[in-house]
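For reference, the structure discussed in these notes is given below.
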Amino acid sequence: MTVGNTRKTHHSVYFWLGLLLVAIAAIAWRAWWLNSFPLSSDEGIHLIWLRLLSAGYEPYTEVYITYPPLYPLAIELIWQIWPVEVAQRWFSVAYALFGALGVGLIGRKFAGPLGGVVAVALTLFSPILFEPSRAILGEFPSVGWSVWAIWLAWLYRDPPQSHPFFSKQSGRRVLLILSGLCLAASLLTKFLSPFVAVLIPLMLILNIEPDEQTEPKSASLLRFIPPRPVLIDLLLWGLAVLVPIIISMIAVDVGSLFGQVIDQRLKARTAYSEDYEYWPPRYKAIVTFIQEDTALVILAVLGIAVAWRRRLTGLWIMVIWLGLAVLMLGVHTPIRYKHFLILIPPFAIFGGVTVDALISSLAGHFSDKNRTTGQQNWSKISAVAGLVLLIGLYVWQIPSTLNRWEALAAEPQPPADEVEALDFISKVTAPNDCLISDDMQLLYWSGRMAPPELAEVSSNRLNSGALTLEELMAISDRYDCQLVAPITNRIRKFLPDYIEWVKSKYLGQFHYGENNLLYFAKVDTDPNPATPLWADFDGQLIFHGYTLPAGAKPGDSMPLTLVWQAQTALETDYAIFVQLRDSANNTLASADHQPYLGLAPTSTWPAGAVIQEVTWLKLPPDLSPGQYNLYVGLYRPNTLERLPLQHDSSGENALIIGPVIVE
């Protein structure tokens with residue numbers, strides 16, 4: 001083995017060892033903060049998707065999903081294996097490592113092994129990326145796939161000549177196909193980096209590198225690669241991109257997918273363009289981006305200058321990549337801070353160039369004996385000053401970042417006012433009941449189901465007109481959700497008439513927090529209990545049936561859903577009794593109550609109103625396995641006089657329902 005090969009082997013070992021150490025540190029850092037930050041609205045939406053998909057609802061045709069198919073499919077697969085929120089967070093961490101590895105490989109090719117390791121560190125420890133990399137979001141997974149698409153295309157274009165795999169172009173084209181598949185995966189995860197579809201063909205067509213044998217290193221000429229192999233390359237790469245996309249389109253309903261993923265975003269872009277000026281939101285996002293990771297921005301800017309001075313091979317690729325990413329941010333409307341994640345890879349790679357130059361300059365001071373004393377001193381001073389500046393930037397940035405994270409981590413999840421709402425929801429609904437809300441975090445924390453068409457109630461959707469007032473009212477009627485919680489500014493702002501409609505359709509209002517309202521008890525529910533059972537209580541109330549969960553166990557709290565209809569406007573606030581009895585007619589447990597914790601008394605029920613209400617029956621912990629019956633009826637709380645039941649078979653004006661099977 002020659003000295004050059006030995007040196008390359010050592011550099012390769014140092015590169016992979018450095019990546020391993022950075023990855024271990026990044027995983028440990030994320031494990032510490034994994035569940036520390038507040039749940040975002042986008043995360044709540046994604047978790048609601050998972051709840052609905054795992055319940056058997058079909059994506060796009062039933063569940064309203066605004067992402068391309070790959071990301072929902074991936075998180076659903078993880079959910080099937082490990083159906084907890086923390087699993088999704090670790091999945092995001094794995095995606096961050098995957099994307100960072102691609103950044104490191106490009107950094108090594110562009111700036112050398114040290115530059116590659118530094119690029120990975122700058123990526124994984126960037127405050128800009130840290131929160132999204134452990135959140136249940138699809139932005140950086142999409143960016144990670146696009147990075148790998150660029151790396152594989154670059155490796156195909158400029159292969160290492162010493163490796164036998166790269167000796168034949170026909171064999172190398174596997175890399176080109178893999179590059180196309182990675183870009184397809186990026187676009188099918190989230191449509192965040194479509195500019196890569198421009199960058200890679202430019203990489204294949206153009207050659208802007210100097211020929212080191214005939215031209216000085218400072219020269220730079222624009223040449224075209226011969227057309228015939230380029231056309232074949234473009235065809236193979238284009239097919240590799242398009243075929244997975246076409247297959248995914250076939251696997252789902254194309255019309256629904258287009259309407260939810262593409263058409264809504266185009267309409268939202270038009271609406272936001274009319275509502276907001278172009279520059280103010282972009283300026284605000286840019287300032288936030290710079291403030292979040294000032295060190296990365298400075299290192300990247302310096303890296304561009306260093307790469308230009310060194311005439312690094314592939315500089316034009318990096319510059320076009322960064323330019324297209326910036327152009328993409330100019331196109332995004334509405335612009336969100338999370339969209340700036342597309343800048344992290346090129347910034348980190350240029351940052352790796354800066355750090356590599358500083359270290360190399362400092363090392364060169366000790367190894368280059370041909371330099372004059374003045375040159376050595378200037379080199380040493382420049383390198384030391386650069387390293388001091390770099391350390392100073394991070395010493396200044398890290399405390400403020402940690403303070404912000406600690407402040408976020410200190411926020412209770414869920415917030416105190418929503419704990420009050422969640423307690424009410426848990427007491428007046430059963431686990432499989434549905435809830436309509438534009439607060440996606442509350443919806444997720446409640447453990448209740450959203451109507452599949454309302455799996456996302458976002459500002460984008462409402463502002464684009466993808467969810468109209470008529471559609472929202474129709475969905476509300478179709479699903480008969482007994483609770484509606486329009487508590488963010490989304491529905492209030494875009495569909496204020498829906499609030500008035502809800503007030504006319506729901507019997508009660510639950511106030512919580514400073515100014516939050518939750519509407520409950522829909523007065524025109526379509527009676528559809530799991531067990532229909534018709535009974536008439538003194539011509540005043542009709543009982544339509546009940547729903548009981550299967551598989552009760554001793555000590556369980558068992559939800560019982562009862563459906564009533566007022567035959568006339570009632571004047572009395574009746575109490576409802578529910579009694580669990582054994583075969584000897586002994587009462588073992590009871591759940592006397594008034595509907596909705598007494599907030600929807602029967603005296604407020606209008607004539608004809610159909611009210612669905614839930615009560616919870618606590619089973620005794622020492623209850624023997626077997627079969628039990630439930631006795632249900634109504635009585636006046638002040639006199640305990642029971643409302644007569646027509647055709648009563650119990651002899652005590654009680655309707656016998658069940659049985660309850662205790663395992």
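The values are calculated or read from the model by the stated rules, or taken from the named source; none is laboratory data. None of these values were measured; they are calculated from a predicted model. Virtual Cβ from ideal backbone geometry, glycine too; neighbours counted across all protein chains shown.
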Subset of region 541-555, residues crowded, with 20+ Cβ neighbours inside 10 Å and part of a loop (DSSP other than H, G, I, E, B), comes to LEU548
Residues satisfying the stated conditions in region 480-508, i.e. part of a helix (DSSP H, G or I) and not basic (Lys, Arg): ASN489, ILE491, PHE494, PRO496, ASP497, TYR498, ILE499, GLU500, TRP501, VAL502, SER504
Considering each residue of region 317-339, count those that are without any contact (Cβ under 8 Å) to a residue 60 or more places away in the chain and not in a helix (DSSP H, G or I), and give that number. 3
Can SER12 be described as in contact (Cβ under 8 Å) with a residue 40 or more places away in the chain and loosely packed, with under 15 Cβ neighbours inside 10 Å? yes
Can you spot a residue in region 64-81 that is of a type outside the set (Phe, Trp, Tyr), closer than 17 Å to GLU456 by Cβ, free of Cβ contacts under 8 Å to residues at least 40 places away in the same chain and outside the structural domain of LEU19 (by TED's automatic domain parsing)? no
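Condition check ((1) part of a strand (DSSP E or B); (2) touching a strand residue (DSSP E or B) at 6+ places or on another chain (Cβ under 7 Å)) across all residues:
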residue: PHE577; (1), (2): yes, yes
residue: TYR596; (1), (2): no, yes
residue: SER603; (1), (2): no, no
residue: ILE611; (1), (2): yes, yes
residue: TRP616; (1), (2): yes, yes
residue: ASP622; (1), (2): no, no
residue: ASN629; (1), (2): yes, yes
residue: VAL632; (1), (2): yes, yes
residue: LEU640; (1), (2): no, no
Give the number of residues within region 286-316 that are small (Gly, Ala, Ser), assigned to a helix (DSSP H, G or I) and surrounded by 18 or more Cβ atoms within 10 Å (Cβ to Cβ). 4
Looking only at region 461-478, which residues are part of a helix (DSSP H, G or I) and aliphatic (A, V, I, L, M)? LEU462, LEU469, LEU472, MET473, ALA474, ILE475
Within region 472-502, tally of residues that are free of Cβ contacts under 8 Å to residues at least 40 places away in the same chain and under 25 Å from PRO415 (Cβ atoms): 9
Is it true that some residue in region 605-627 is assigned by TED's automatic domain parsing to the domain that holds LEU560, within 23 Å of ALA430 (Cα to Cα), of a type in the set (Phe, Trp, Tyr) and surrounded by fewer than 18 Cβ atoms within 10 Å (Cβ to Cβ)? yes
Testing VAL563 on (1) touching a His at 6+ places or on another chain (Cβ under 7 Å); (2) of a type in the set (A, V, I, L, M); (3) modelled with pLDDT under 95, one condition comes back false. Which one is that? (3)
Using the structure shown, decide if ALA307 is in contact with a helix residue (DSSP H, G or I) (Cβ under 7 Å, 6 or more places away or on another chain), outside the structural domain of SER459 (by TED's automatic domain parsing) and at pLDDT below 90. no
Across (1) within 32 Å of the chain's Cα centre (by Cα); (2) outside any strand (DSSP E or B); (3) free of Cβ contacts under 8 Å to residues at least 40 places away in the same chain, GLU514 clears everything bar (3)
Exactly one of PRO606, PRO621, PRO601 is of a type outside the set (Val, Ile, Thr), more than 22 Å from PRO529 (Cβ to Cβ) and touching a residue at least 24 places away in the same chain (Cβ under 8 Å), and that residue is PRO621
Would you confirm whether any residue within region 557-576 is buried (at least 19 other Cβ atoms within 10 Å of the Cβ), without any contact (Cβ under 8 Å) to a residue 60 or more places away in the chain and among the charged types (D, E, K, R)? no
Taking region 405-432 and the residues there that are at pLDDT 95 or above and of a type in the set (D, E, K, R), the one that is farthest from ALA135 (Cα to Cα) would be LYS427
Number of positions in region 464-500 that are within 21 Å of ILE425 (Cβ to Cβ) and of a type in the set (A, V, I, L, M, F, W, C): 9
ILE335 versus (1) at pLDDT 90 or above; (2) under 25 Å from the mean Cα position of the chain (by Cα): which is the lone unmet condition? (1)
Using beta carbons and a limit of 9 Å, which pairs, at least six apart or on different chains, have the first residue in region 191-213 and modelled with pLDDT of 70 or more and the second one surrounded by 22 or more Cβ atoms within 10 Å (Cβ to Cβ) and outside any helix (DSSP H, G or I)? PHE191/TYR67; PHE191/PRO68; LEU192/GLY138
Taking region 569-586 and keeping residues among the polar types (S, T, N, Q) and modelled with pLDDT under 95 leaves THR572, SER583, ASN585, ASN586
Just for region 124-151: of the residues that are of a type in the set (Phe, Trp, Tyr) and not in a loop (DSSP other than H, G, I, E, B), which one is nearest to the chain's Cα centre (by Cα)? PHE140
Just checking, does region 335-349 include any residue being in contact with a Lys or Arg (Cβ under 7 Å, 6 or more places away or on another chain) and buried (at least 16 other Cβ atoms within 10 Å of the Cβ)? yes
Can you tell me which residue in region 442-460 is nearest to MET558 (Cα to Cα), limited to those that are at pLDDT 95 or above and assigned to a helix (DSSP H, G or I)? SER446
Kindly establish whether VAL419 is in a helix (DSSP H, G or I) and over 23 Å from TYR512 (Cβ atoms). no
Residues in region 244-263 that are of a type in the set (Ser, Thr, Tyr) and closer than 19 Å to SER186 by Cβ: how many? 1
